[in-house]
1. Taking the criterion of being aliphatic (A, V, I, L, M), touching a helix residue (DSSP H, G or I) at 6+ places or on another chain (Cβ under 9 Å), within 18 Å of Arg39 (Cβ to Cβ) and without any contact (Cβ under 8 Å) to a residue 24 or more places away in the chain, would at least one residue in the stretch 152-161 satisfy it?
2. Quick check on my filter: what residues within the stretch 57-114 are part of a helix (DSSP H, G or I), touching a Phe, Trp or Tyr at 6+ places or on another chain (Cβ under 9 Å) and either on the phi > 0 side of the Ramachandran plot or more than 15 Å from the ligand (Cβ to nearest atom) (or both)?
3. Of all residues in the stretch 21-42, which are more than 22 Å from the chain's Cα centre (by Cα) and either over 14 Å from Leu89 (Cβ atoms) or of a type in the set (Gly, Ala, Ser) (or both)?
4. Taking the stretch 34-85 only, how many residues are surrounded by 24 or more Cβ atoms within 10 Å (Cβ to Cβ) and farther than 27 Å from Met111 by Cα?
5. Give the residues of the stretch 277-324 that are closer than 30 Å to Ile358 by Cα and of a type in the set (A, V, I, L, M), sorted by residue number.
6. Against the condition away from the ligand (no atom under 16 Å from the Cβ) and closer than 30 Å to Asp398 by Cβ, how does Thr243 come out, does it pass?
7. Would you point out the residue of the stretch 344-380, among those that are outside any strand (DSSP E or B) and buried (at least 24 other Cβ atoms within 10 Å of the Cβ), that is nearest to the chain's Cα centre (by Cα)?
Amino acid sequence: MINIKRLCARIDELAQIGRVEGTQGVCRLAFTEADQQARDYIITQMKGLGLRVAVDRIGNVFGTRPGQADLPAVMTGSHIDSVRTGGRLDGALGVLAGLEVVEALNENAIMTRRPLTVAVFSNEEGARFQPDMMGSLVFQGDLDLQAALDTVGIDGISVRESLARIGMTGAADTRDMAVYGFVELHIEQGPVLETLGRTIGIVEGVQGISWTQFVVEGTSNHAGTTPMNMRTDAGHVATRIATFARALAGELGPAQLATVGALTLYPNLVNVVPSRATITVDLRNTDDASLSEAEARLSEFAGKAAAQEGASLRQTRLARFAPVSFARHIMEKVEQSAAKRHLSTLRMPSGAGHDAQILARMCPSGMIFVPSVGGLSHNVNEFTNERDLDAGAMVLFDVLYDLAMSPFGTPVRCHSAPA
Ligand SMILES: [Zn+2]
C-alpha cells in the first residue's frame, strides 16, 4: 500500500526548508520562519489529501481523515522542528509517513471505522524553548498553556510572540479531543538496530531520567605544603562520585546508564587543592525501582565521600522523569505486522524523549523505530536506507489500520488542558 517513492519525495521536499548550506541536514528551531514554512508545507499537503486541519493555541497541527463513525480518533505523528544542526528524518519521518498512510488509504478508497489524525507537535526538541515536548505536554494537559506561552527562548523572545509572528496561534480547542491510540514512527537515533542487523524496533518504553548536581565545598590549599591527610579536597570527592557512578551502572546491569557530563573545579589550577567541585550525574533506567535504587545509592555514597574528606555537600535534583511503558497491544500489533511482512524485529527501549511518551499519559501509545545508519542523529548526516523507511511506513500503516478498524473500547483522555 505504501508508495516509498512518494514518501521519499516528501522527505526531500521538507528537507529543503531550513536546509543547512552544503549538507543534507536542517535547522528548523521551533516557531522560527523555517518552522513556519515547514508547517505551511505540511498544512498544504494535509489539505491536498482532504484532511480537516485544526491548529491549537500552542501551534500543534492536527489533520483528520474522517471515519465511518464519530468515535475517538487513532492518532499518529511527530514533530518537524529540529535542533540547530539537525537531520532530515528526526520527527519529519513520523509526520510524513502519517501522510503517506492517509494517501494510501485514499488511493485504495478505504474508509476506516475510526477517524485517523496526523499530528504535528510544536517544539519537541526544546532547542530554543524549554521544556522539550512542549506541544504534546500542552495537548495532553500536564503543561499549562499560559505558562508555555510565557516561556522565553534563548533569543529572549517568548513563545507567545514567536507564535504570533509566524501566524500559528490557532483557535482550536482540543481539550475534549479523545484519542483511541497513538503510534509514532521515528528513527532510532542510536546504533542498536543497525549493529544487530534488525529492521523494526518495537519500542517497549522510554527510560526514566534523573539528573543530580553535587556541589562539594572544601578548602583551597598549597599542593606542596599540605600533607595528604590534612586536606579537604573537593576535587577528590567529586572524582570519587564519578568513579562510583560508573561502577554502580556496571553493577545494576545493562539497563542502568550513568554519565558524568559536567565537572568543574575551582580555582582549577595545577598546584592548588580545589576548594569547590561541581559535578552532574545523569542516571537512566527503564525500570523505576532500579532508577530509584541508583539514585539512593549514589546520594548515600556522595554523602559518605564528602564526610570522609571533611567537605560539605549540596545535592540538587535538576530533572526527574519516570520511565514510560508503551501499550502491550500496540507492541503486539507492531510485532504481528513485522512478522507478516517478514521483517526482523527487536524489542527495545527508547533512549531519547519523544511525543509518544507524553501521549502515553492519556491514551494507549506506542512507537516504531527504524535503523539510523551509523547511529547518527541530531546530526546533518542522519540517514536511513529507503528499504528501512519503507518497512517502517508499512508497519505504521498496518498498525494504524488495525486500530482504526477496531470496534473495541473507547479510551478517553484522562487529563484536560487548562484553558
Ligand atoms: Zn524526534
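1. Of the stretch 152-161, the ones aliphatic (A, V, I, L, M) are 152, 154, 157, 159.
Filter once more, so that each one left must be touching a helix residue (DSSP H, G or I) at 6+ places or on another chain (Cβ under 9 Å): 152, 157, 159.
Filter again for within 18 Å of Arg39 (Cβ to Cβ), leaving 157, 159.
When the remaining residues are screened for being without any contact (Cβ under 8 Å) to a residue 24 or more places away in the chain, the result is 157.
Yes: the stretch 152-161 contains one or more residues that are aliphatic (A, V, I, L, M), touching a helix residue (DSSP H, G or I) at 6+ places or on another chain (Cβ under 9 Å), within 18 Å of Arg39 (Cβ to Cβ) and without any contact (Cβ under 8 Å) to a residue 24 or more places away in the chain.
2. Glu100, Val101, Ala104, Leu105
3. Quick first cut of the stretch 21-42, residues more than 22 Å from the chain's Cα centre (by Cα) only: 21-23, 33, 37, 40-41.
Across the stretch 21-42, the qualifying residues are Glu21, Gly22, Glu33, Gln37, Asp40, Tyr41.
4. Counting residues in the stretch 34-85 that are surrounded by 24 or more Cβ atoms within 10 Å (Cβ to Cβ) and farther than 27 Å from Met111 by Cα gives 7.
5. First pass over the stretch 277-324, keeping only residues closer than 30 Å to Ile358 by Cα: 279-299, 315-324.
Selection gives Ile279, Val281, Leu283, Ala289, Leu291, Ala294, Ala296, Leu298, Leu318, Ala319, Ala322, Val324.
6. No; evaluated as a whole, the condition is false for this residue.
7. His354
Rundown of residues vs (1) small (Gly, Ala, Ser); (2) under 21 Å from Met168 (Cβ atoms), yes/no style:
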position: Ile4; (1), (2): no, no
position: Glu13; (1), (2): no, yes
position: Gly18; (1), (2): yes, yes
position: Asp35; (1), (2): no, yes
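The values are calculated or read from the model by the stated rules, or taken from the named source; none is laboratory data. Owing to the predicted nature of the structure, the values given are computational and were not obtained by experimental measurement. Cβ: placed from backbone, ideal geometry, glycine included. Neighbour counts: every protein chain shown.
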